[in-house]
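Working notes for the structure below.
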Amino acid sequence: MTASFPLTGEPLALDLVNTRVLDGTVDLLGTPGALADWLAAQAGRLAAVPGPVPEVGAPELAAVRAVRDTAARLIASARGGQAPPPDALDRLNGHLAAAPAHRELAWGEDGFTAGTRRPAPLADRLAAELAEAVADLLTDPRLDRVRRCEGHDCVLLFLPAHPRRRWCVPSVCGNRARVARYYERHKGVPQERRQAP
């Protein structure tokens with residue numbers, strides 16, 4: 001059974017960082033099974049998991065969580081206009097180097113295809129690929145548009161396609177905000193006035 005994650009479809013680095021919710025107190029990647037569910041939710045986005053999600057264990061979980069925690073620090077500093085913490089930058093570069101990649105040609109019905117091959121353990125391949133996604137986000141000129149959801153108690157980050165987007169999921173956090181505003185406007189109004197035609 002695949003778990004539900006609050007926000008997917010953002011740049012991969014943001015999807016990864018968004019697996020810590022409620023001000024970081026809830027970790028949606030708390031177990032290897034949860035990581036397998038997240039990898040399934042990211043189907044088709046990771047070369048390290050080209051097909052069905054392989055068996056993941058403690059090494060893969062530790063590697064992915066290490067990249068996530070480093071990414072969160074680097075993204076937070078970049079969004080705040082600050083220089084990155086040197087230890088976090090070193091750590092991300094270490095993840096990038098953990099599974100060197102090379103191109104590999106294959107021949108098929110449609111001719112040549114070129115793919116990236118990382119001959120390394122799954123934990124290193126996942127860490128390297130996710131670190132590349134973080135590097136892509138940190139070097140993306142749209143990085144300054146990454147926002148934190150304005151929903152009460154929501155900590156999810158997103159890259160808005162529209163500049164007026166304020167919530168990670170408008171139908172969830174946006175509706176909560178509208179309901180709260182409605183309640184605030186009407187809490188002192190007598191019941192009979194609220195139901196007047």
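The values are calculated or read from the model by the stated rules, or taken from the named source; none is laboratory data. Note that the structure is a prediction, hence the values are computed from the model and not measured. Neighbour counts run over all protein chains shown; Cβ positions are idealised from the backbone, glycine included.
When region 63-85 is filtered for residues that are under 25 Å from Arg125 (Cβ atoms) and in contact with a strand residue (DSSP E or B) (Cβ under 9 Å, 6 or more places away or on another chain), the ones remaining, listed by number, are Arg65, Arg68, Asp69, Ala72, Ile75. Only residues that are in a helix (DSSP H, G or I) and more than 20 Å from Leu138 (Cβ to Cβ): list them for region 46-104, please. Within region 46-104, Ala58, Pro59, Glu60, Leu61, Ala62 meet the criteria. A search for C-beta distances below 7 Å between a residue of region 89-104 that is among the basic types (Lys, Arg) and any residue that is in a helix (DSSP H, G or I) and modelled with pLDDT of 95 or more, counting only pairs 6+ apart in sequence or on different chains, returns Arg91/Thr70.
Between Val17, Val21, the distinction of being out of contact with any helix residue (DSSP H, G or I) (no Cβ under 9 Å at 6 or more places or on another chain) and either at positive phi or of a type in the set (A, V, I, L, M) (or both) belongs to Val21 only. If you filter region 23-55 down to residues that are loosely packed, with under 11 Cβ neighbours inside 10 Å and farther than 11 Å from Leu122 by Cβ, you find that the one that is modelled with the lowest pLDDT is Gly24. Among residues of region 70-83 being in contact (Cβ under 8 Å) with a residue 40 or more places away in the chain and of a type outside the set (A, V, I, L, M), the one that is surrounded by the fewest Cβ atoms within 10 Å (Cβ to Cβ) is Arg79.
Is one or more of the residues making up region 126-141 surrounded by fewer than 17 Cβ atoms within 10 Å (Cβ to Cβ), within 18 Å of the chain's Cα centre (by Cα), touching a residue at least 40 places away in the same chain (Cβ under 8 Å) and part of a helix (DSSP H, G or I)? Yes, region 126-141 has at least one match.
Pairs are defined by a Cβ separation below 9 Å, a sequence spacing of at least 6 or placement on different chains, a first member in region 8-28 that is more than 20 Å from Asp144 (Cβ to Cβ), and a second member that is among the hydroxyl-bearing types (Ser, Thr, Tyr) and part of a loop (DSSP other than H, G, I, E, B); the pairs so defined are Asp27/Thr19; Leu28/Thr19.
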